[in-house]
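Just below is one structure, and these are the notes that go with it.
Laboratory data are not the source of any read-out in this text; all were calculated from the coordinates shown. This structure is a prediction, so every number in the text was calculated from the model and none was measured. A quick note on method: Cβ atoms are made from the backbone with ideal geometry, for glycine too, and the neighbour counts reach across all protein chains shown.
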Amino acid sequence: MTYNIKYDNINDTVNNWNDRKESMLKLIQHYNPTIIGTQEALHHQVMYIDSALLKYSYVGVGRDDGRQKGEYSPIHYDHTKLKVLQSTTFWLSPTPAKVSVGWDAAMERICTYTLFEDVSNQQKFYVFNTHFDHIGNLARQNSAQLILEKIKEINDKQYPVVLMGDLNLGPEEAPIQYIKMNLDDGKDITHKSFYGPEGTFNGFDAQMKLDRRIDYIFVKSFKVLSYIHIDDRMENNKHISDHLPVLASLQKQE
């Protein structure tokens, strides 16, 4: 699952985190994903999810200082099923190893990745979780190139790969097309028919036509059994976040 949970903005009086967080937990617990990559999570939001979901652990750091400050792109995982072999966060910039703002981006942007081992069969795979800039066109283009270069550099053993996140780009835009030259868009190759609204961004508008797709799960060497955009809402019909979560069921290709 990839899910932009909307950072806890104290100015959000109508769509405040405290009014949304329990519904979000219920959604996660209902769909029970093995892995959840969130975006826009501040440290206390990461801690809330981590403390409430007892069978999950997480990896990730805040983008403002490489520790706890600013938004994370954390990866929560079911530690009864998966073991972390390696995990790192890099910045989407020309100097990815240090806290930095890249190109024409408005702020720091990061990608957190993990090498997992499935404890049931010892199969290994990588998961990359990211959040591209919402302003910089060059930043989004170069972020896509940087992440694909990192995957190539890191994954010398050719393990299966997942890349997910809020990319702030539509499917027709050049950086998405570039990613699709290297990885499969899960929505394109799902065995079961795709389910849900076409878009993933709702802007907390219950009446909005959901046709803007900016959140993705890309894969390499995985079969995609199902791929859905989840439009579950609170009892008052409000959205739980300003993005819909995306859920893919994956199986390693034989």
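When the helices in the chain are scored as -39500 (n - 2.57) per DSSP H run of 4 or longer and the sum is shared across all residues, what 222 nm value do you end up with, to the nearest 500 deg cm²/dmol?
-6500 deg cm²/dmol
Taking the Cα atoms of the range 176-233 alone, what are Rg (to one decimal) and Dmax (as a whole number) in Å?
12.6, 38
What is the chain's relative contact order, in percent, from Cα pairs under 8 angstrom and six or more apart in sequence?
After rounding, I find 17 percent.
Treat the count of other C-beta atoms within 10 Å as a stand-in for reagent exposure and order LEU250, LEU244 from fewest to most.
LEU250, LEU244
Once fully extended, how much extra length lies between ASN9 and SER120, figured as 0.36 nm per residue of separation less the alpha-carbon to alpha-carbon distance?
Computed gain between ASN9 and SER120 is 35.9 nm.
In this model, which of LYS150/LYS192; LYS21/LYS223; LYS55/LYS124 are farther than 28 Å apart at the alpha-carbon?
The pairs that break the limit, which is 28 Å between Cα atoms, are LYS150/LYS192; LYS21/LYS223.
Run through the DSSP bridge list for the range 2-252 and note the antiparallel percent, rounded to the nearest 5.
80 percent
Which listed residue (HIS239, GLN122, ALA105) has the Cα farthest towards the positive end of the charge dipole for the chain, taking +1 on Lys and Arg C-beta and -1 on Asp and Glu C-beta about the Cα centre?
GLN122
Of the labelled options (i) 13.8; (ii) 12.8; (iii) 16.9, which one gives mean projected area of the Cα convex hull in nm² as computed for this structure?
Here mean projected area of the Cα convex hull in nm² agrees with entry (ii).
With just the Cα atoms defining each centre, how far is the range 101-128 from the range 137-161? Give it in Å.
For the range 101-128 versus the range 137-161, the Cα centre distance is 10 Å.
Under the rule of at least 5 residues apart or a separate chain, name every residue whose amide H is placed under 5 Å from the amide H of LEU82.
Amide H to amide H, under 5 Å and 5 or more residues apart or across chains, LEU82 pairs with VAL119.
Using a simple spin-label model with points 7 Å from Cα along the Cα→Cβ vector, what separation in nm is obtained for PHE194 and GLU22?
3.5 nm
Give a quick list of trypsin sites (Lys or Arg not before Pro) in the range 66-111 that DSSP marks as loop, anything other than H, G, I, E or B, with at most 11 other Cβ atoms within 10 Å.
Sparse-neighbourhood loop trypsin sites (Lys or Arg not before Pro): ARG67, LYS98.
Taking θ = phi - 60°, what integer Hz values does the Karplus form 6.51 cos²θ - 1.76 cosθ + 1.60 yield along the range 27-43, in sequence order, with x for Gly and Pro?
Running phi through 6.51 cos²θ - 1.76 cosθ + 1.60 with θ = phi - 60° gives 4, 4, 5, 5, 7, 6, x, 6, 9, 10, x, 9, 10, 6, 7, 6, 3 Hz.
Alpha carbon centre of the range 5-25 versus the range 53-99: separation in Å?
A separation of 22 Å, based on Cα centres.
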